[in-house]
1. If you take the residues of the range 80-107 that are at pLDDT 85 or above and farther than 19 Å from LEU127 by Cα, which of them is surrounded by the fewest Cβ atoms within 10 Å (Cβ to Cβ)?
2. I need a count of the residues in the range 52-72 that are loosely packed, with under 11 Cβ neighbours inside 10 Å and of a type in the set (D, E, K, R).
3. Can you pull out every residue in the range 120-137 that is under 18 Å from GLN24 (Cβ atoms) and at pLDDT below 65?
4. Could you list, in sequence order, the residues of the range 59-111 that are within 17 Å of LEU159 (Cβ to Cβ), acidic (Asp, Glu) and assigned to a strand (DSSP E or B)?
5. Is there any pair linking a residue in the range 78-94 that is under 18 Å from LEU57 (Cα atoms) and in contact (Cβ under 8 Å) with a residue 12 or more places away in the chain to one that is open to solvent by 30 Å² or more (accessible area, probe 1.4 Å) and among the hydroxyl-bearing types (Ser, Thr, Tyr), with Cβ under 7 Å and at least six apart or on different chains, and which?
6. Can you pull out the residues in the range 1-45 that are loosely packed, with under 14 Cβ neighbours inside 10 Å, in a loop (DSSP other than H, G, I, E, B) and modelled with pLDDT of 85 or more?
7. Please tell me if ILE145 is aliphatic (A, V, I, L, M), touching a Cys at 6+ places or on another chain (Cβ under 9 Å) and surrounded by 18 or more Cβ atoms within 10 Å (Cβ to Cβ).
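The values are calculated or read from the model by the stated rules, or taken from the named source; none is laboratory data. Because the structure is predicted, anything quoted here is derived from the model rather than measured. Virtual Cβ from ideal backbone geometry, glycine too; neighbours counted across all protein chains shown. Note: accessible area is taken over every heavy atom of the protein model, side chains too, but ligands, DNA and RNA are not part of it. Shrake-Rupley method; radii C 1.70, N 1.55, O 1.52, S 1.80 Å.
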Amino acid sequence: MTAPLHEFAAAPIEECYRQIERPQHAELRKLLALWDKRPADGFEIGRDIPSRRFAPLLSHILFWEPVDGGTDYKLHLCGEALRLRFGDDAVGKSIKKLIAPDVVPFFLDTGRTMLAEDRSACFDMQLVRREPVEGRRELHFELVIFPVWAHRRTSRWILNGTYYFL
């Protein structure tokens, strides 16, 4: 079995990202369309997610719970298709343990902004090997993130939809 990509954090792999207006991936466009047509009071886990409209996307969804006012996030759900990146035991772990340290501050800030402004964001991401074959792309994917309510509206979390390019 191949080690999950997050275990290569000490290896020479760099996470490169850029914010994009709209994802290229058709399934992420569907997720973004759900966000655009969300209920006036927002999405709530347990009420709206899962549901028939989210069912085809669930294997590509993560839920992140803010910890200590957004200074960290804890992974609550990791869709089956995302285990390639995070591994089988990622649920319950900190974002700081799952993604490259150099991009953690950006994603913490982005999460806080999405929650405060109740908006979505889209990103193009690449994991690129620095050595021994510099510039070789290991993984290319897009993300759509937006705030959702935790079950019973106890707090706001981040929903992260991710699709890989093959």
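1. Among those that are at pLDDT 85 or above and farther than 19 Å from LEU127 by Cα, it is GLY92.
2. Matching residues across the range 52-72 total 2.
3. Within the range 120-137, ARG137 is the sole residue that qualifies.
4. Answer for the range 59-111, where residues must be within 17 Å of LEU159 (Cβ to Cβ), acidic (Asp, Glu) and assigned to a strand (DSSP E or B): just GLU65.
5. GLY79/SER59; GLU80/SER59; ALA81/SER59
6. GLU21, ARG22, GLN24, LYS37, PRO39, ALA40, ASP41 - these are the residues of the range 1-45 that are loosely packed, with under 14 Cβ neighbours inside 10 Å, in a loop (DSSP other than H, G, I, E, B) and modelled with pLDDT of 85 or more.
7. Considered against the rule, which asks whether it is aliphatic (A, V, I, L, M), touching a Cys at 6+ places or on another chain (Cβ under 9 Å) and surrounded by 18 or more Cβ atoms within 10 Å (Cβ to Cβ), ILE145 comes out as yes.
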